Amino acid sequence: MINKSESPKIRAMAKQIRMSAHKARRVINQIRGRPYGQALMILELMPYGACYPILRLISSAAANANHNMSLNKANLFVSRAEVNEGSFFKRFQPRARGRAYQIHKPTCHITIVLEEISR
């Protein structure tokens, strides 16, 4: 049986973000399960470079909830946040004697799901 009283889920995704999935997961783990306002405050105060794209993504998800479903941003919380590995950008570094070493620049895909707090 399907529960019709479930709160709507608002999803936002960012693909091919130019950073390691490991570094993004370190930040995502801090905001999972937190209210929207608290998650924003945490992201603004953390000193990691991964915070900026995640902050933009969570703000985008909240804007989607406000515009598309007329939900109040203050009543949202981060129900699911995950980081998956993306493809590598492949570059070459010149080395001695005319050789070249391949450099792998990692990317990641970030997914944020917001839900409304049921009161």
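Where a number appears in this text, it was derived from the coordinates with a stated rule and is not lab data. Given the structure is predicted, the values throughout are model-derived calculations rather than measurements. Here the Cβ is made from the backbone with ideal geometry for all residues, glycine too, and neighbour counts use every protein chain on show.
Converting phi to 3J(HN,Hα) with the Karplus coefficients 6.51, -1.76 and 1.60 and the offset θ = phi - 60°, the stretch 32-43 yields 5, x, 9, x, 4, x, 5, 5, 4, 5, 4, 5 Hz in sequence order, with x at every glycine or proline. Stretching R34 away from V113 to a fully extended chain increases their span by 27.3 nm, per 0.36 nm per residue minus the current alpha-carbon distance.
For L76, the residues whose modelled amide H falls within less than 5 Å of its own, excluding neighbours fewer than 5 places apart on the same chain, are Y36, I117.
Counting pairs on different chains as well as pairs 8 or more places apart, how many Lys pairs in the chain have Cα atoms under 16 Å apart?
Details: K9/K73; K15/K23; K15/K105; K23/K105; K90/K105.
Final tally of qualifying lysine pairs is 5.
Size of the dipole of the chain about the Cα centre, Lys and Arg at +1 and Asp and Glu at -1 on the beta carbon, nothing else charged, in debye to 20? Could the numbers behind the result be given before it?
Numbers: 20 positive and 6 negative charges, 161 e Å.
With Lys and Arg at +1 and Asp and Glu at -1, about 780 debye.
Potential lengthening of the chain between R95 and N64 amounts to 6.4 nm, from the contour at 0.36 nm per residue minus the alpha-carbon distance.
Here the stretch 45-92 is treated as a sphere whose radius is the Kirkwood value from Cα pairs; by Stokes-Einstein at 37 °C and 0.692 mPa s it diffuses with a coefficient of 248 µm²/s. Inter-label distance, N75 to M41: 2.1 nm, where each label sits 7 Å from its Cα along the C-beta direction. Counting only DSSP H runs of at least 4 residues, each contributing -39500 (n - 2.57), and dividing by the residue count of the chain, the helix-based mean residue ellipticity at 222 nm comes to -10500 deg cm²/dmol. Size of the chain from its Cα atoms: along the principal axes, largest to smallest, the extents are 68, 36, 23 Å.
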